[in-house]
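No value in this document is a laboratory result; all are computed from the given coordinates. Just so it is clear, the structure is predicted and the values come from calculations on it, not from any experiment. Don't worry about glycine lacking a Cβ; one is built from the backbone with ideal geometry, like all the others, and counts go over all protein chains shown.
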Ligand code: NDP
């Protein structure tokens, strides 16, 4: 296993990191456990002060932090800066609202008096992916630090400098030792750590395989787990959609983060009446995207996060074509060094073809034409995933009715699935379980303790 910074724009290895020894990891777990005994006694105000400090530091260092994201996983620099802003907002949001979300709930039982008090549970393990190296950590760490829990963080092995920089932000904010610790360990080692008695819960964002591995350990050792896994979000275009706006959002929904969002719009489903118009406009826009160096502000599509990811995606497209899919645009690796894939649209997909079932984590859109609204809903639900979905129509009531029938954790009307601090995030089916962000996210790793007064 290697923990390395490899610039996906060039595929050159820039820096390698040593995996931590068992002894170092043991010391980190012990410190996190020790820190919990003090942190759980702090006031909400003390916790909020720390989160605000981290947010402020993030904003001060935005440019430097964003460059590291772009260097390690290839996100366009402007989007990396946006990610730092969003992450700082999440820290501030929980600092500002955490106490209110965690306030005692007064019950009204038949006999006596009772309250529910939200108490922290202890050390938590977070296993996070590379696609949003700061945001993914922020939405796990900020609410839980507000709760009074402490954090051990195993980040993806391809973003070690981001991982170290987040730990450094906590150090600079003068967080108590052990409150937040970065672990340079393998995924397998992270799964094995779940059995440690001092670790009380685990949250993973990533692939189904990694999620299943963590969930298996959590099940074996009876620990709470939150999983945010893949998605195959639909982007439904109904006959009354505002076409110009819809096409603009289709490009953003698919290509944001170089196509590597769990909630990216991946399956574009258009009803017959407007399908030709949509696909011509969508194809025209994708074909003009400027592919290149993500540090260059004029670039519109950067590389995938790694050469391995690009090889995998190109293989998924090739397998799909071998099985009967048609390429409408692109379809190959881009003709330049680095982990690049051309902007791609494929169609003629049906059950049995790889792209019908698998998540395509990159700039590849799947396009479907259906007879009507009901056929769009049926196709949307014919997926093992259930993360997000979007529906485009000028009739909001119609959009809400469609939303009711889609089996996902989130449905957006006239916008691709998105995220913000005050909206819950999470899925159904094989996209995982539990919720992050908003008032719901902070309730996942708490002991909802009943206190009954006679
Ligand atoms: P992984 O699931 O492998 O990586 C996510 C995190 O899980 C990383 O920290 C990784 O560590 C860790 N991990 C890997 N294996 C295990 C394990 N057995 N036990 C515990 N932790 C583990 O994702 P990939 O980077 O390989 O991406 C593969 C696919 O996953 C993508 O194509 C996409 O479909 C999906 N994905 C979804 C994301 C989302 O936002 N929901 C984000 C990223 C990926 P390490 O890096 O050391 O392997």
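At a glance:
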item: Relative contact order (%) - criterion: Cα under 8 Å, at least six apart; region: the chain; result: 19 percent
item: Nearest-0.05 FRET efficiency for residue 394 and residue 449, computed from C-beta distance (R0 56 Å); result: 0.70
item: Exposure proxy ranking, count of Cβ atoms within 10 Å, fewest first, for 315, 240, 335; result: 335, 315, 240
item: Between 0 and 90°, nearest 10: helix 44-60 axis offset from the chain longest Cα axis; result: 40 degrees
item: P(r) histogram, all alpha-carbon pairs of the range 345-436 included - 5 Å bins from 0, percent; result: 3, 12, 20, 26, 22, 12, 5, 1
item: Using alpha-carbon coordinates, inclination of helix 22-39 to the longest axis of the chain, degrees; result: 70 degrees
item: Size-normalised alpha-carbon gyration radius of the range 294-451, reference 2.2 N^0.38 Å; result: 1.24
item: Convex hull volume of the range 157-197 per residue (C-alpha atoms, cubic angstrom); result: 60 Å³
item: Normalised alpha carbon radius of gyration of the range 197-326 [divisor 2.2 N^0.38 Å]; result: 1.35
item: Projected-area mean, the range 353-395, by convex hull of Cα positions, square nanometres; result: 4.0 nm²
item: Separation between Cα centres of the range 408-454 and the range 97-176, rounded to whole Å; result: 14 Å
item: At q = 0.24 Å⁻¹, base-10 log of I(q)/I(0) for the range 39-81 (Debye sum, equal scatterers on each alpha carbon); result: -0.74
item: For the range 1-83, diffusion coefficient by Stokes-Einstein and Kirkwood Rh (Cα), 25 °C, 0.890 mPa s, µm²/s; result: 154 µm²/s
item: Principal axis dimensions, largest first and in whole angstrom, of the chain by Cα; result: 66, 60, 41
item: Relative packing of 78-86, 21-29, 356-364, which averages over residues the other C-beta atoms within 10 Å, highest first; result: 356-364, 78-86, 21-29
item: Shape box of the range 178-222 [Cα atoms, principal axes, largest first, Å]; result: 29, 21, 15
item: Percent of Cα-Cα distances greater than 24 Å, calculated over the range 34-127; result: 43 percent
item: Relative contact order (%) - the range 229-310, alpha-carbon pairs under 8 angstrom, separation at least six; result: 30 percent
item: Reciprocal mean inverse distance between Cα atoms of the range 254-323 - Kirkwood radius, Å; result: 14.1 Å
item: The range 8-49 and the range 334-393: distance between their alpha carbon centers, rounded to Å; result: 38 Å
item: Rh (Kirkwood; distinct C-alpha pairs) - the range 303-377, Å; result: 12.8 Å
item: Acute angle (nearest 10 degrees) that the helix 208-220 long axis makes with the longest principal axis of the chain, alpha-carbon atoms; result: 30 degrees
item: Full-stretch length increase - residue 285, residue 108 - with 0.36 nm per residue and alpha-carbon distance subtracted; result: 57.9 nm
item: Kirkwood Rh in Å, taken over the range 385-424 so that all alpha-carbon pairs contribute; result: 10.5 Å
item: Stokes-Einstein D for the range 10-57, Kirkwood Rh over Cα pairs, 10 °C, 1.306 mPa s (µm²/s); result: 113 µm²/s
item: Theoretical FRET efficiency, 1/(1+(r/R0)^6), r = Cβ-Cβ of residue 85 and residue 242, R0 22 Å, to 0.05; result: 0.20
